[in-house]
Amino acid sequence: MAVGILLVGGFGTRLKPLTDESPKPMLPVAGLPVTEHQILAAKKAGVHTLVLATSYLAEIFTPYFGDGAKWGMKILYAVEKEPLGTGGAIRNAAELLGRDEPVVVFNGDVLSRHSIADQIKFHTDNKADVTLHLIDVEDARAFGCVPTDADGRVTAFLEKMDNPVTNSINAGCYVFSPDVIDKIPLGTVVSVERETFPALVASGRSVFGYKEQSYWLDVGTPAALFKGSRDLVEGDFQAMAGTTIAPDAVITGGTSIGARCTIGAGVHIDDCIIGDDVTIGDGARLSHSFIAHGTAVAAGVQKSAHYLSQKLDLPIIV
Ligand code: GDD
Ligand code: MG
C-alpha cells in the first residue's frame, strides 16, 4: 500500500485559452478529467490516500472529487496561496500524510499506462530514496533528461536541455521514501526537477530509474490533449451517460462527448472534445474544437479549431 500526491497547481500556460476557465488537470479527456484517469490508475496500484496539491483555480477540484469516497479512496487537498513550485508543493502536501508508507507523486498532466505497483515494488526492493519512472522519447529537449548507470541508478538530472545527453526522460511519476520529502524546506518555492533531484544525485543518495516503455503522454499542449483523448476513444466517437444524439448526426475522428449532452439533427462533429451538459443545435458543424462544459452551440454554427464556452469563442492551435 502507498499514499500519493497529485501535482495539479500549475497555470497550464501552453493550453490557453482552454485553461482560462479550468485548471489543466480538470480538462476532459475521453469524457473524464485528466486527474480522474490518474486517480483510477493510482487506486489500481493500491494508493489509498491521495493529496491534491492545488493552487491555480483550486476551487474547481473539491466539488468534483469531494472526500474521494466515490473512488474508494481518501482524497485530501493542500492549497498553495501562491504556487510553491513542484518541490514546495510536494513538501506542503506531505504535511497531510503519514510517514510510514512510500509516497507516489504524479505530475497532473500525464496519461500513463505503466505499472505504478511495479514501480513501487522496484523502489522498495532497491531500498531507494527516490525512484523515477523513465521512458525513452525521440526528442528529449522538452523534458527532464535522466541518464542512469548499469544498475539503474540515476547519474544526473538535467531539466530541459538543448542537447540532451540521453533519450531517457523523467515521465513525471516518482516514488519517494517519506524521510526524503522532509528534507525539502517547508513553505518555500522549490523545483523538484531543478533543485531537489540534482541535489539528491550530487550528494550520493540512492535515486533509481524505473524504466517501463508503455503508453505515455504529457497532455500539456492543445495538440497533445486532443491526441490523448482520441487515443482513449475506441472507434469513431464516445459519449458518456445521459447524452442523446440525433440519429442522423455524423460523429467521427475519435470525438469524445461528455455526460448529459444533446446533439441535434444533421450535426457533423469531427475530432472534438465536448464537455458535460453541452447542447449542439441542429445542423452545426464542428471540427478540431474544444467545447467547454455547459456550452450551448447555436443551430447552424460552423467552427474549426476553436475553443467554445459560454463566455469565450477563440481560435486554438490543435
Ligand atoms: N501544486 C503545484 N504547485 N503544482 C505545480 C506547480 C506548483 O507551483 N508547478 C507545476 N505544477 C504541476 C503542474 O500542474 C503539472 O501537473 C506538473 O506540476 C508538471 O508541470 P508542467 O508545467 O506540466 O511541467 P513540464 O511538462 O514542463 O515538465 C515536467 O514534466 C515532464 C514530463 O511530462 C517535468 O517534471 C519534466 O522533468 C518531465 O520530463
Ligand atoms: Mg507537463
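The values are calculated or read from the model by the stated rules, or taken from the named source; none is laboratory data. Everything numeric here is computed off the predicted structure, so don't read it as measured data. Reconstructed Cβ throughout: ideal geometry from the backbone, glycine too, with neighbour counts over all protein chains shown. Note: areas computed on protein heavy atoms with side chains; ligands, DNA, RNA excluded. Shrake-Rupley method; radii C 1.70, N 1.55, O 1.52, S 1.80 Å.
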Original post:
Hey, which of the helices (runs of 4 or more DSSP H) in the stretch 1-117, taking only ones fully inside, have at least 3 residues that are free of Cβ contacts under 8 Å to residues at least 60 places away in the same chain?
Top reply: 34-44, 61-65
**OP:** Within the stretch 1-40, work out how many residues are closer than 20 Å to Val192 by Cβ and more than 16 Å from ligand 2 (Cβ to nearest atom).
**Re:** 3
Subject >> Boolean, Ile120 is assigned to a helix (DSSP H, G or I), under 21 Å from the mean Cα position of the chain (by Cα) and surrounded by 16 or more Cβ atoms within 10 Å (Cβ to Cβ) >> reply: yes
Original post:
Which of the following residues is within 16 Å of ligand 2 (Cβ to nearest atom), assigned by TED's automatic domain parsing to the domain that holds Gln38, buried (at least 17 other Cβ atoms within 10 Å of the Cβ) and in a loop (DSSP other than H, G, I, E, B): Ala171, Ala128, Ala140?
Top reply: Ala140
Original post:
Within the stretch 179-200, can one find any residue that is part of a helix (DSSP H, G or I), without any contact (Cβ under 8 Å) to a residue 12 or more places away in the chain and on the phi < 0 side of the Ramachandran plot?
Top reply: yes
Original post:
So which residues in the stretch 65-114 are crowded, with 20+ Cβ neighbours inside 10 Å, farther than 18 Å from Ile184 by Cβ and hydroxyl-bearing (Ser, Thr, Tyr), if there are any at all?
Top reply: Ser112
**OP:** Can you tell me which residue among Val79, Val103 is within 17 Å of Ala171 (Cα to Cα) and within 16 Å of ligand 1 (Cβ to nearest atom)?
**Re:** Val103
Original post:
Just checking, how many residues over the stretch 198-215 are open to solvent by 60 Å² or more (accessible area, probe 1.4 Å) and of a type in the set (A, V, I, L, M)?
Top reply: 1
